[in-house]
């Protein structure tokens, strides 16, 4: 039954179309006039196309040439760096992004491709009668399309901020669309998804990989958290926690093919290795190295994990610099490869890693030894650990009690073989700042899950982290110096879009 939804429906699309163009806006629009959107099977093919769009190299897949949320965004933060300057996302990392940057344009294209497919499903399935599709199935498919659309628009508002809000199928005469404000887009997706979230299937009642009610509330929690609607984020997180998810007992093992259908996983983008190279490229590495050393983790991330006595490495007597994973938070070894680590049943060639820290999480150990960019790894867009941390952050930010924050954080600590968080830890190591303590926990729990870059942006601390990198993380003079200007908090609209859409005006900071 593994990945049955992905295999059956994407396979059906290929058989029906014999071309990737099947799911382009033009071809689906043409099909709708005569012989498509006339059965429940057509509706299922349409929603499969929405999920397929999430596999884009600039959304949730991506090799060294594709700067995806899954494969590159942590390397645009203080968690890592791109060794080669030309790599997509490298310009963002160094503060050199502009309206012609590789990642800027391709991420925009990937997002609007997904939005276009969702609009097709919402509009055309909405017109279907109950004589061809059951009402509950119809409502669920439309809700799933609205989930994907809201997910993508959330990313657009967190990067470009003000962008065109397109909610219907367009013809060429309607192609020029002006920007809507970030605030208006956020209000729209919160209401749009909120109105239909209960139409999503209950967890465990639909094919794994489809958005469920738990995924819908997890997305509502994230959108509210990112926009500082603290109480609404808590309410949505509680809705997820009531759905019966549970933490996987082994943090390191969670990020493996064997456990990608764990009860902790709320929504994932699914991948399957195969002859058509439709597997996960973000989990790849070069032959002969066996490590993802074309991008490397930064020392400050490795040093962030506490020892198992609950102390940072600079004060704990347990810290062993010869084997940094010894007596550390279990999330260290589940996330990173370091000196003395075992990777692929052997000591890895750390002399080829300038920073001496490499990513373990989401890399496929035990895989073929040739150049490997075709893995079975799924990417977890939402898992229970994320939701627990969202609730904890919202409580802390809204002035809730430390006890309530500790209750959430300490759901995660036992799995990490760590003592529970308490006020002494907050006072001793975070200057009494409960929010900072939660941010630290969020980082060590979610490193390389595509969240850190947006966290630094929304917390408005990118400048200080860039300064830290230049002073402390740049351990080899071949590593690029980073810069950051205030305008880098907002991505510029791609120049090609400005050129073709006469209604679009570049953001003021980028004019």
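Considered as an equivalent ellipsoid built on the Cα gyration tensor, the range 332-477 has semi-axes of 30, 19, 16 Å, the largest given first. Centre-to-centre separation between the Cα atoms of the range 391-421 and those of the range 48-62: 33 Å.
Across every pair of non-identical alpha carbons in the range 393-477, the mean reciprocal distance, once inverted, gives a Kirkwood radius of 14.3 Å. The slack between residue 250 and residue 433, meaning 0.36 nm per residue of separation minus the straight C-alpha distance, is 62.9 nm.
When the Kirkwood radius is taken over all Cα pairs of the range 187-272, what Stokes-Einstein diffusion coefficient follows at 4 °C and 1.567 mPa s, in µm²/s? Here the translational diffusion coefficient equals 94 µm²/s.
The stretch between residue 471 and residue 417, if pulled fully straight at 0.36 nm per residue, gains 16.2 nm over its current Cα-Cα span. Hey, what angle do you get for helix 4-17 against the long axis of the chain, alpha-carbon based, 0 to 90 degrees rounded to 10? Once rounded, the angle reads 40 degrees.
Scaled against the 2.2 N^0.38 Å expected of a compact globular protein of N residues, the Cα radius of gyration of the range 91-138 reads 1.92. Using only Cα positions of the range 465-511, each an equal point scatterer, no hydration layer, compute I(q)/I(0) via Debye at q = 0.27 Å⁻¹ and quote the log10 values to two decimals. Debye curve over Cα of the range 465-511, log10 I(q)/I(0) at q = 0.27 Å⁻¹: -0.94. Taking the number of Cβ atoms within 10 Å of each Cβ as an exposure proxy, the fewest-first ranking of 352, 411, 191 is 191, 352, 411. Full extension of the chain segment joining residue 242 with residue 485 gains 83.2 nm, where the gain is 0.36 nm per residue of separation less the Cα-Cα distance.
Compared with the dominant principal axis of the Cα atoms in the chain, helix 25-34 is inclined by about 30°.
Stokes-Einstein diffusion of the range 59-133 at 10 °C, 1.306 mPa s viscosity, Kirkwood radius from Cα pairs, rounded to a whole number: 112 µm²/s. Arranged from fewest to most other beta-carbon atoms within 10 Å of their beta carbon, 108, 86, 65 become 86, 65, 108. Fewest-first ordering of 131, 455 by other beta carbons within 10 Å of each residue's beta carbon gives 131, 455.
Per residue, the average separation of C-alpha pairs within less than 8 Å and at least 6 apart gives the chain a relative contact order of 19 percent. In this label model, residue 326 and residue 403 are separated by 4.1 nm, measuring between points 7 Å along each Cα→Cβ vector. Mean separation of Cα pairs under 8 Å and 6 or more residues apart, divided by the residue count, gives the range 378-511 a relative contact order of 15 percent. The simple Förster model, with R0 at 25 Å and r as the Cβ-Cβ distance, assigns residue 460 and residue 500 a FRET efficiency of 0.15.
With the largest listed first and rounded to whole Å, the semi-axes of the equivalent ellipsoid of the chain from the Cα gyration tensor are 36, 25, 24. In terms of overall dimensions, the range 105-230 has a Cα radius of gyration and Dmax of 14.8, 44 angstrom.
Counting only helical runs of four or more DSSP H residues, what would the 222 nm mean residue ellipticity of the chain come to if each run contributes -39,500 (n - 2.57) and the total is spread over all its residues? Intermediate values should be presented prior to the final figure.
On the way: 19 runs with 213 residues, N = 511.
Only helices count here, giving -12500 deg cm²/dmol.
Taking a ≥ b ≥ c as the square roots of the eigenvalues of the Cα gyration tensor, the range 254-389 is oblate, since a/c reaches 1.5 or more and a/b is not larger than b/c. Round to the nearest 10 and give me the degree value, 0 to 90, for the angle of helix 213-226's Cα axis relative to the longest principal axis of the chain. Once rounded, one gets 60 degrees.
Read the figures in this text as sums done on the coordinates, not as results from a lab. All values reported here derive from a predicted model rather than from experimental measurement. Here the Cβ is made from the backbone with ideal geometry for all residues, glycine too, and neighbour counts use every protein chain on show.
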